[in-house]
Each structure stands twice: as structure tokens, then as C-alpha cells.
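See structure below.
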Amino acid sequence: MIIGAGGVGTVVAHKVAANPVFTDITLASRTKSKADAIAAEVNAKYGRNVKTAAVDADSVPQLVALFKAHTPDIVINVALPYQDLTIMDACLECGVNYLDTANYEPKDEAKFEYSWQWAYHDRFKAAGLTAILGCGFDPGVSAIFTAYAAKHHFDEMHYLDIVDCNAGNHGMAFATNFNPEINIREVTQKGRYWENGKWVTTEPHEIHMPLTYPEIGERESYVIFHEELESLVKNYPTIKRARFWMTFGQEYLTHLRVIQNIGMARIDEVEYNGTKIVPIQFLKAVLPDPKSLGENYTGQTSIGCRISGIKDGKERTYYIYNNCDHEAAYKETGTQAVSYTTGVPAALGAAMWARGEWRGAGVFNVEQFNPDPFLAELGPQGLPWIEKFDVDLEVE
Ligand code: NDP
């Protein structure tokens, strides 16, 4: 059962339909016509019978009715982070396993952290169900890369820098690469990173420097808070500092500043012509749909982990990354690389569960599972990765 027929849901539908481990597939979403369009394309391409359904995933009773009608083994939640808890509640009620790509966020507070979902651990454990959190690219592959580094290349990891570059060009003055509301909430927050056992908070975009990305070159990169940092520093306590860097162009930052200054990033209700509206939701309605960017998108994304630490008593540096081409992603699935790099790992994580490679009773972050079978298949699924040893990580 896939929930969410957006950019990421489109890629998940393609990858799940192409994988024979999944026998019966349903794509459910708020607007059924969007799910129908995706299912029609996928069914024609892979000779499948993907079914569709309408659901308001904010409603536990609606989800329970949906799960009872379709009896899924696992649900891949690629709706919005607001729906994580209702979907987890319905999973518990109906005995369904769970996977998502973004941690829970309350609608009325621009704040994301794992505490809400980790609080479900005992209930999933008691029910004998698996919940897999954060299985997109970042969070997702970023944490699986880190787990792979810990398993094979380090006795102790000390410094972790996750670096996320989108060097693509979609030809628009301003657009976001995934859901605009979630994206703008994320990138306008204060920066936060882990150092010497505590979180350090910065002003938004305060720390920045040029970093060099493979096949792309130098791009100005900014320290922002990203959710996988929270679970990684908990699961790898030898890490002394963990940061997340994202590239932004000047044009993007200027637009963002204006949007904030004029109040369009507000998440509280305002009165407009006798109706209450939330400015950022209104803004989403007038910004380009991220799915529509694919057609003219050129260039690549490059996301990876730069890690230093100790192996066999010696200092070592390590860089593991994937580059993904927007045009190639569009050719295969009709979406751009940001949706593609999220949807491929989500479908593959669910396949890991279906094949019994990733199982456990409780709530888990992806780095808690064996990274080897996942990474062995990530390349063949469309996201090949490269390792570099003892290189200049630039992030000292
Ligand atoms: P979109 O906005 O394109 O798609 C979201 C979909 O969810 C839409 O089809 C929407 O329906 C549906 N939806 C929203 N609310 C509900 C609801 N209450 N009930 C049922 N369906 C609902 O977003 P994206 O595809 O870009 O992103 C999907 C998820 O992926 C997000 O949670 C995002 O944070 C996450 N993500 C994770 C990344 C990672 O690397 N880990 C990177 C990028 C995104 P409708 O069509 O009616 O609006």
C-alpha cells in the first residue's frame, strides 16, 4: 500500500510495480484522480494491476477502513510528514508494517524531531510489527551510507558531514524540489549541528562555505538542521561532530528572504476576505508543482557522507556519494531527481522488509538495519554509489 500520489509517490509506484516481490499494489491518496493517472501509466508500462483508492490520511478511521479493504502487509507513507502518526496508529490497529521518508511534523509548529515516532516503539514491538523511519535519500541513504562506513571502514567515526548538492537547473525563477510547504519550513529554520555531546544552534544559513561536488564543481553550501542527525548521533556515540550541508543558489536565497519578509512563510492562520487561510499553504498553491519541474530539468544532484575517524589505529577519511541526473530520472519515471532519489530508496526499503532482510519488532531508523543487501541493490535500482578513501573532505 502506497499512500501519497505526489512526486515521490510516482517514483515509488514505478519501482514497486517493477519489483516482482510485490504481488498486490494499491496507491491511495487524497485526490484519487492523481493516483489513477499514475496507476494507468505504471500498469501500462509494467503489465501490472495497481489499484487506487481515495483516503484522507489525517483520519485514522478512513485509514483503518482502507487497510481492512485491501489488507496490505506494509504501507509506504509518501504523503506528508503531518500524516505519519495517523498512519502509524492505523497500522497498529490493523496489523500493518510501516515505512516513511520524513519524520513527523505538527502542522501548527515548524518543528521536526523523532520523539513522537520513537514513542511508538513499545506498541509496534508488542504488536510484532516493523516501522522503518526515514527511508528516502536524506534521511535514508545518508544514514545507510553512514552505517556502511561504520560496519566496513571505521572502528570509530569522529566527524560526519552529510553534503547535499542540487546542481540542477529547472529554468524557473523560484521553485522547490519537493512539497513547497515542507521544503520552505525546513530551510527557513535555525541551523543546528551536533558537537561534543550537545546541539549547537545557529541563525538560518549562518555557517556556509564552498564545497566541491564530484562532476559538478564548487557550490556554496550551508549548514542546516536535518532529521537524520538526531538518530545518527544517538546510534553512533563516537561521533564528535555531525553536520548537514545543503547547497542554495543566491537567487533561491533572495526569493526565500522576500517570502519570509513579506509574511508568506507564516504557518498560522490569517483572515482573508472572510476566510481563514495559512499563507504558506496559499503560497504552495501558486508555486510550480515540483512534479512539473521534471520536463526541463537538467544537471545532477550529488548527495553523500564525508566521514573521518579511526581504522586500525590510523586516521582515515572517507567519502561515499551518489550523483543522480535529472534528465535520466525524468526519462524513466516522469519526475525529477529529488523525487527519484527519495522514491527509489523507499521502494527498496519496503523490498528489504518484504524479503525478510530488514525485520524487527518496533520502530527503527534505517541505520539500525544491515546496510549491505540494501546498498548491493541500490545501484541496479538506479542510484549507483561511489566510495573515495583518504581524500580531502574540505570540512575540517
Ligand atoms: P507532494 O506534495 O508532491 O505529494 C504529497 C502527496 O500526498 C500528494 O499526492 C497529496 O495529495 C498527498 N497527501 C497530502 N495530504 C494527504 C492526506 N491528508 N491524505 C492523503 N494524501 C495526502 O510531495 P512529495 O512527493 O514531494 O513528498 C512526499 C514526501 O516525501 C514528503 O513527506 C516529503 O517530506 C518526503 N521527502 C523526503 C525526502 C528524503 O530524501 N527523505 C526528500 C523529498 C521529500 P494531493 O495530491 O491531494 O495534494
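Please go through the range 55-125 and write out the GluC sites (Glu not before Pro) that DSSP classes as loop and that have at most 12 other C-beta atoms within 10 Å. Here the sparse-neighbourhood loop sites are E109.
Comparing mean-square fluctuations of S339, S115, S292 from a GNM of the chain with C-alpha springs under 10 Å, the top value falls on S115.
For the range 163-297, relative contact order (Cα pairs under 8 Å, six or more residues apart, normalised by length) works out to 30 percent. Taking each DSSP H run with n ≥ 4 as -39500 (n - 2.57) and averaging over every residue of the chain yields -10500 deg cm²/dmol at 222 nm. Note on A361 and H121: the extension gain reaches 85.6 nm, defined as 0.36 nm multiplied by sequence separation minus the Cα-Cα distance. Structural descriptor for the range 2-133: relative contact order 20 percent, calculated from alpha carbon pairs under 8 angstrom and at least 6 residues apart. If R0 equals 30 Å, the separation of the Cβ atoms of K51 and E93 corresponds to a calculated FRET efficiency of about 0.90. Partner lysines whose Cα lies under 23 Å from the Cα of K284, excluding those fewer than 8 positions away in the same chain, are identified as K32, K34, K107, K111, K190, K276. For D58 and E295, the FRET efficiency from 1/(1 + (r/R0)^6), where r spans their Cβ atoms and R0 equals 30 Å, is about 0.45.
Residue by residue, the range 327-343 carries 3J(HN,Hα) couplings of 5, 5, 4, 5, 4, 7, 10, x, 10, 7, 5, 5, 5, 5, 5, 8, x Hz when phi is fed to the Karplus relation 6.51 cos²θ - 1.76 cosθ + 1.60 (θ = phi - 60°); x denotes Gly or Pro. Projecting the Cα atoms of T212, N49, T201 onto the charge dipole of the chain, computed from C-beta unit charges around the Cα centre, puts N49 farthest toward the positive end. Sketch the reach of a paramagnetic label on A376 as a point 7 Å from Cα along Cα-to-Cβ, and name the residues of the range 149-181 whose backbone nitrogen lies under 17 Å away. Under 17 Å, as judged by backbone N against the label point of A376, lie 149, 151-152 of the range 149-181. Label zone (L253, point 7 Å along Cα-to-C-beta; backbone nitrogen cut-off 17 Å) within the range 131-162: none. Full extension of the segment from E195 to V278, taken as 0.36 nm per residue of separation minus the current Cα-Cα distance, would add 26.3 nm. 3J(HN,Hα) along the range 189-195, derived from phi through the Karplus expression 6.51 cos²θ - 1.76 cosθ + 1.60 where θ = phi - 60°, amounts to 5, 5, x, 7, 9, 9, 8 Hz, with x in place of Gly and Pro. As a size descriptor, the averaged projected area of the C-alpha convex hull of the range 8-47 was calculated at 2.6 nm².
In a reduced charge model with +1 at each Lys and Arg Cβ and -1 at each Asp and Glu Cβ, the range 2-133 shows a dipole moment near 500 debye about its Cα centre. Model label points for K111 and A328, set 7 angstrom from Cα along the Cα-to-Cβ axis, are 4.2 nm apart. If only the Cβ of Lys and Arg carry +1 and only the Cβ of Asp and Glu carry -1, the dipole of the chain around its Cα centre is close to 720 debye. Residue ranges 267-277, 33-43 sort as 33-43, 267-277 when ordered by packing (mean number of other C-beta atoms within 10 Å per residue, highest first).
None of the figures in this text is laboratory data; all of them are computed from the coordinates on show. Everything numeric in this text was worked out from a predicted model, so none of it was measured. Here Cβ is always computed from backbone atoms with ideal geometry, including for glycine, and neighbour counts include all displayed protein chains.
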